[in-house]
1. Taking a probe of 1.4 Å, how large is the accessible area per residue of the chain, in Å²?
2. Could you run the Karplus curve 6.51 cos²θ - 1.76 cosθ + 1.60 with θ = phi - 60° over the stretch 386-396 and give me ³J(HN,Hα) per residue in whole Hz, x for Gly and Pro?
3. Pop out the ³J(HN,Hα) list for the stretch 193-204 in order, Karplus 6.51 cos²θ - 1.76 cosθ + 1.60 with θ = phi - 60°, rounded to Hz; leave Gly and Pro as x.
4. If I take every Cα pair under 8 Å that is 6 or more residues apart in the chain, average their sequence separation and divide by the length, what percent do I get for the relative contact order?
5. Once neighbouring chains are kept in place and the probe is 1.4 Å, which whole percent of the accessible area of the chain is contributed by carbon and sulfur?
6. Enumerate the amide H contacts of G290 below 5 Å, restricted to partners 5 or more residues apart or on another chain; note that Pro and chain-start residues carry no placed amide H.
7. Enumerate the lysines that K211 could reach by cross-link, defined here as Cα to Cα under 26 Å, with residues fewer than 8 away along the same chain left out.
8. Using R₀ = 35 Å, calculate the FRET efficiency as 1/(1 + (r/R₀)^6) where r is the Cβ-Cβ separation of A141 and F163; round to 0.05.
Amino acid sequence: MFKIMMILIFTINLLHASELPTSHKTYQDSSKCMPCHIEKVTQWSDSWHSKSHYKSDEYLRKSIDYVSRKTRKSLSSVKVQCAVCHNPRIAVTSTDIHYEIMVAMELDEDSEVNKALDNDFLNEGINCLVCHNVDEIDSEASADIRGAHRLKWNKENLISGPFGDTHSPHHKTQKREFFNEKANDLCLTCHANDKTVNGLNFTNMQDELQKSDKMCVDCHMSERKLGVASNIAMNNGKPFQRMGRNHSFRGAHKEAMWKDALDLKLSSNKKQLSIKIENNNPHNIPSGFGARELLLEITYQSDTKILNTKSISLSQKYISKRDKRTIPHLAVKISKDNSIPAMGSKTLREPWPKEASSVVVSVSYRLVNDEVRELLDLKEDIWSKKMFITQESVNK
Ligand code: HEC
Ligand code: HEC
Ligand code: HEC
Ligand code: HEC
Ligand code: HEC
């Protein structure tokens with residue numbers, strides 16, 4: 001009897017939870033777009049948007065496992081919570097205490113939540129439809145409302161894009177400004193206000209953003225270039241030529257993107273070394289996800305040898321409610337922001353040792369600082385890899 005009651009409560013609860021589209025089977029994964037958009041699919045497959053889910057991103061997977069363990073919430077509930085931005089087309093956007101009870105009683109196997117999570121297209125993370133099936137973005141919504149909660153999807157198999165006057169044999173098209181002048185709105189749907197379980201913000205990209213003649217897409221996709229939107233021959237035996245952008249969304253995980261991302265200016269007044277780091281990008285660096293790190297390595301040398309080296313880590317510490325170190329999502333306290341402000345700079349001063357005649361400073365970036373990497377036992381090389389940004393030297 002109790003079981004039946006639980007199932008009833010559970011079903012009722014899910015009726016209003018499943019409001020997102022799962023029906024577009026012929027459209028939902030990138031393989032369906034491949035025949036006619038080979039270039040876009042190939043570029044996107046190499047991006048971290050295509051890896052932003054439990055299966056392909058070790059850091060995300062271990063963070064989800066850790067949150068579930070520490071908050072004693074079921075793994076599926078945490079997956080659903082994170083899906084708002086990492087898998088926004090999932091059919092269920094929240095779970096509640098009734099679901100937790102179902103899991104504890106091992107009655108969740110056939111549940112809507114489990115069905116929603118056990119769907120292959122979710123293993124594509126932020127895929128084509130996540131961006132191109134959006135009808136409206138509620139950019140006026142309160143800053144807390146992000147990801148799927150900000151989006152209205154197209155009802156039918158209708159694709160939104162920058163043109164709207166294209167003709168495809170496979171889908172209808174419509175023009176949307178968030179693929180044109182308002183493209184930042186699309187990106188900031190998810191790239192802002194990422195929060196801890198206690199509601200502390202550890203990503204403020206939208207607030208930090210400084211006026212710039214460049215949009216996110218100019219730097220993280222490419223400038224608009226002449227090419228083809230679709231490779232199929234629709235224009236007298238040839239594809240139409242159109243202006244478009246690269247879809248590889250290059251960012252923090254690509255070493256080449258870090259080269260010269262910041263400028264370094266060194267000076268000395270014989271007693272002190274002054275290190276000025278300049279950021280000419282419209283958002284702070286690091287910004288984005290928590291526990292990112294800038295690493296400064298200072299080498300003091302005399303005319304003949306290396307005297308000493310020193311490392312300075314610019315990152316943040318995350319403190320749990322038990323006053324222990326933790327991961328960004330579980331923090332109740334966050335240490336001072338050490339990032340380099342958008343369109344601004346930060347200056348550090350270090351003593352100049354008497355014996356030193358010159359100093360070399362190099363700046364690099366790591367995706368995860370030592371503390372969080374240890375806590376989560378991250379094994380893949382990419383998380384500890386030092387990505388070179390720039391290096392300068394100065395004489396006494
Ligand atoms: C059978 C071929 C075919 C398939 C499959 C297909 N498309 Fe297209 N698509 C086209 C053609 C043709 C155009 C128009 C090209 C042109 O006029 O330059 C187009 C245009 C577009 C545009 C630009 C729309 C605009 O007007 O701004 C987008 C975005 C797009 N497709 C996305 C997708 C996505 C996402 C998928 C997979 C879910 C997909 N397409 C599947 C053929 C296809
Ligand atoms: C539906 C939510 C969502 C939208 C919309 C979105 N992103 Fe992302 N983006 C993510 C998530 C989640 C990740 C993290 C992927 C990971 O590392 O697992 C990410 C990662 C990235 C990265 C980092 C890639 C790397 O190699 O480090 C860049 C750059 C990026 N997005 C740019 C953009 C741009 C530009 C837009 C707008 C055109 C955009 N994103 C729109 C959710 C989104
Ligand atoms: C994170 C959001 C995002 C994702 C994911 C995404 N696109 Fe786009 N797409 C854009 C934006 C923004 C533009 C407009 C670029 C511009 O300014 O021309 C665009 C434009 C296009 C166009 C028109 C040609 C062009 O380059 O402007 C096509 C076709 C297209 N996308 C297909 C795809 C396909 C296929 C996929 C999946 C492999 C995909 N997109 C994934 C954001 C996205
Ligand atoms: C003028 C170029 C420029 C513009 C505009 C820009 N970025 Fe960046 N962004 C960079 C550079 C350079 C980096 C550092 C190298 C890298 O990760 O790509 C960076 C880093 C990032 C990172 C990784 C940050 C981290 O803390 O590790 C994310 C996420 C990101 N950008 C998203 C965005 C979004 C979203 C927008 C629009 C709101 C945007 N960027 C606008 C140049 C730009
Ligand atoms: C408000 C939208 C949003 C929500 C909700 C969200 N994320 Fe993210 N997450 C992002 C974006 C955007 C990025 C990419 C930022 C960057 O690359 O710097 C990201 C990146 C990450 C990364 C870094 C991945 C990498 O490859 O470096 C981890 C780990 C992560 N998220 C964990 C989680 C967990 C765990 C949850 C749920 C408890 C969650 N996220 C919920 C937006 C979100």
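1. 53
2. Values, residue by residue: 8, 9, 5, 9, 6, 8, 9, 9, 8, 9, 4 Hz.
3. 6, 7, 10, 7, 4, 8, x, 7, 7, 10, 10, 10
4. Answer for the chain is 14 percent.
5. 52
6. Placed amide hydrogens put nothing under 5 Å from G290.
7. Filter leaves K175, K182, K195, K225, K254, K259, K265, K276, K336, K346.
8. Once rounded, the FRET efficiency stands at 0.85.
The values are calculated or read from the model by the stated rules, or taken from the named source; none is laboratory data. Computed from a predicted model, the values in this text were never measured in an experiment. All Cβ positions, even for glycine, are placed from backbone atoms using ideal geometry, and neighbour counts span all protein chains on display. With ligands, DNA and RNA removed, areas are computed over all heavy atoms of the protein, side chains included. Shrake-Rupley method; radii C 1.70, N 1.55, O 1.52, S 1.80 Å.
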